[in-house]
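The structure appears right after this line, and notes come after that.
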2 protein chains.
Amino acid sequence: MSTSSTRRGPGRPKGGRVVADRETLLAGAAEVIRSQGPDVTMDDIAAGASVTKPILYRTIGDKAALVTALAEWIIDDLNRAVNAASRAAPDPRAAFGASIRAYLHGVDADRNLYLFVNAAAPGSDEFRRLVDRSSAAMISGFSSARARAGLDPEVAPAWAWSIVGTLQIVATMWLRDDGRDLDTLAREVSELLWSGLAPTLDPPPSARDRTPGA
Amino acid sequence: MSTSSTRRGPGRPKGGRVVADRETLLAGAAEVIRSQGPDVTMDDIAAGASVTKPILYRTIGDKAALVTALAEWIIDDLNRAVNAASRAAPDPRAAFGASIRAYLHGVDADRNLYLFVNAAAPGSDEFRRLVDRSSAAMISGFSSARARAGLDPEVAPAWAWSIVGTLQIVATMWLRDDGRDLDTLAREVSELLWSGLAPTLDPPPSARDRTPGA
DNA sequence: GCCGCAATTTACTTGGAGTAGATTTTTTTT
DNA sequence: AAAAAAAATCTACTCCAAGTAAATTGCGGC
């Protein structure tokens, strides 16, 4: 990965060329995080990206900015996966289930980066930005779906937050002791969010006499 | 609040009495956090509790331990409020709505402490403990409710996590720009978790012709 | 050929978590 | 009763990671 074998000293680089542009640096940072885990320091990241710390700070900004930038990456990735899974499904219910499943599998596939990005404290500004970006697409989707169904669209933001929060915590908890099967977990979460608690906490009288099929 | 006007020096205190016990210290820490905000340092907390840092560390443990201890406090408080609200409701649906509402109002009433406790990164061990404690009661509740309804009780942990995650993120986002009315927000969240997305995303054909009552 | 500007690195400062060791009082032992 | 051991405390430190300032070198204009 090193650009050259000669040890760089201080001073402007030889070819008039800048050491690394923003995209390259972000990619390098992501790679370091993937291989060394979510607890890497800014020194680690700079070193791993073959760059010194001031360069990293000058090009990308402080740690919060790095988190935000990488968060955008991974969120957009997850959104793409979710959209693809959703479109391939035959009906709304299946689409929703497939979306949840795709999200969790996406997190699983990029654990370290997900954990790095989610190291932001829930009270922080980065966290807020992260949630905003995660929920933006959902908000407009819910909003128009509610309107289409003749229902109040005002609920959209709260609902999107709910789902983001659900996915975030389920993913995090699952990542720590990965005992359970991911698809099962996805199914369970889908069932709650799709059908709600009513069938469980206030079951129709007939429910106790039947088997829980379909 | 200061125990005495004489400046303490080093050495074992006069009366054979220890300077502060754990409970007193936790209460003092909570008070400091409430008045100075969630960004207080351990020095601030020690000073505010009229104690030196090593005492704080010896009596309570490190910062993670402090967070955990205070988290238990606030979680137990919230649980009490939720249970009281739930019991006073006439039917399951109302009980659930009242629970959500009580939780959010409880958070609102102790903002700083809630933010302090929720400064734990989602990837951390404290976070996990926090979630575990928050969800314990719900898990057993859901589990038995599911069994009673003749349904699979295995979903209980995932469902409890979902609800904890939902509440956490909704509370956090709401705390930052408190524009909306808290009761409205609670109602919106309740609607999602109680009835699910189905009525919105896959409305029964009749839904567009009727008013959305019962 | 020399001077200012640009890009980089080295080496620092800062701030908060956590700790070691000095200091004083109580308790126990002889 | 004196001295040694133990207990409880405070001062002052270390350590680590984030972020920055100043020194160092190369490039272009005159």
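Read-outs throughout are calculated quantities, based only on the coordinates presented, and are distinct from any laboratory measurement. The structure displayed is predicted, hence computed values, not measured ones. Every residue, glycine as well, gets a Cβ built from its backbone with ideal geometry; the counts of neighbours run over all protein chains shown.
Using the 7 Å Cα-to-Cβ label point, sort the distances from A:ARG128 to its equivalents in the other copies shortest first and give them in nm to one decimal.
Spacings between copies for this position, smallest first, are 3.1 nm.
Just order B:70-78, B:161-169 by mean Cβ neighbour count inside 10 Å, highest at the front, would you?
Values: B:70-78: 18.1, B:161-169: 25.9.
So the order, starting with the most tightly packed, is B:161-169, B:70-78.
Looking at the square roots a ≥ b ≥ c of the eigenvalues of the Cα gyration tensor of segment B:78-152, which shape do they give, rounded for a/c under 1.5, prolate if a/b is larger than b/c, or oblate? Please list the in-between numbers first.
Details: a/c = 3.39, a/b = 1.35, b/c = 2.52.
It is oblate, given that a/c is not under 1.5 and a/b is not larger than b/c.
Can you list, shortest first and in nm, the gaps between the label point of B:ARG93 and those of its counterparts in the other copies, using a point 7 Å from Cα in the C-beta direction?
The answer, with the shortest distance listed first, is 2.1 nm.
Given H placed on each backbone N at 1.01 Å, which residues far from A:ASP110 in sequence or on other chains put an amide H within less than 5 Å of it?
Counting only residues 5 or more places away or on other chains, the set is empty.
Taking the number of other C-beta atoms within 10 Å as the exposure measure, put A:MET138, A:MET42 in order starting with the fewest.
Working: A:MET138 20, A:MET42 15.
Listed from fewest to most nearby Cβ atoms, that is A:MET42, A:MET138.
Count the lysine pairs in the protein assembly as shown that are 8 or more places apart or on different chains: how many have C-alpha atoms under 20 angstrom apart?
Values: A:LYS14/A:LYS53; A:LYS53/A:LYS63; B:LYS14/B:LYS53; B:LYS53/B:LYS63.
The number of close lysine pairs in the protein assembly as shown is 4.
Please compute the average number of Cβ atoms from other chains found within 10 Å of each residue's Cβ in peptide B:171-177.
Values: counts 3, 9, 11, 2, 2, 6, 1.
That average works out to 5.
Mind checking the mean number of beta-carbon atoms from other chains within 10 Å of the Cβ atoms in A:94-101? Provide the component values of the computation, followed by the final result.
Values: counts 0, 2, 5, 0, 0, 0, 0, 0.
That average works out to 1.
For segment A:142-160 and segment B:160-187, what is the separation of their C-alpha centers, rounded to whole Å?
17
Can you compute the helix-only [θ] at 222 nm over chain B? Use -39500 (n - 2.57) per DSSP H run of at least 4 residues, normalise by all residues, nearest 500 deg cm²/dmol.
Details: 10 runs with 143 residues, N = 214.
So the calculated ellipticity at 222 nm is -21500 deg cm²/dmol.
Please state the shape class of the protein assembly as shown: rounded when a/c is under 1.5, otherwise prolate if a/b exceeds b/c and oblate if not, all from the C-alpha gyration tensor.
Numbers: a/c = 2.17, a/b = 1.16, b/c = 1.88.
Oblate.
Within 10 Å of each Cβ in B:58-70, how many Cβ atoms from other chains are there, averaged over the peptide? Please report the intermediate quantities before stating the final value.
On the way: counts 0, 0, 0, 0, 0, 0, 0, 0, 0, 0, 0, 0, 0.
Partner-chain Cβ atoms within 10 Å, mean over residues of B:58-70: 0.
In what order do A:SER35, B:SER134, A:SER140 fall by count of nearby beta-carbon atoms within 10 Å, going from fewest to most? Before the final figure, lay out the partial values.
Values: A:SER35 10, B:SER134 23, A:SER140 13.
If I rank by nearby Cβ atoms, fewest first, I get A:SER35, A:SER140, B:SER134.
Hydropathy at least -0.5 by Kyte-Doolittle, axial extent at least 18 angstrom from the Cα trace: which helices of chain A, defined as entire DSSP H runs, fit? Numbers along the way, then the final one.
Working: long enough: A:22-36 (21 Å, 0.02); A:63-87 (36 Å, 0.34); A:92-109 (25 Å, 0.23); A:125-148 (34 Å, -0.43); A:156-176 (30 Å, 0.91); A:182-195 (19 Å, 0.21).
Span-like helices here: A:22-36, A:63-87, A:92-109, A:125-148, A:156-176, A:182-195.
How high is the relative contact order of chain A? Use alpha-carbon pairs under 8 Å, at least six apart in sequence, and give a whole percent. Provide the component values of the computation, followed by the final result.
Working: 158 pairs, mean separation 37.8, N = 214.
Computed over chain A, the figure is 18 percent.
Using a Förster distance of 22 angstrom, determine the FRET efficiency expected from the C-beta separation of B:TRP73 and B:ASP125, and round it to 0.05. Write out the running numbers ahead of the final one.
Numbers: r = 19 Å, r/R0 = 0.84.
My answer for the efficiency is 0.75.
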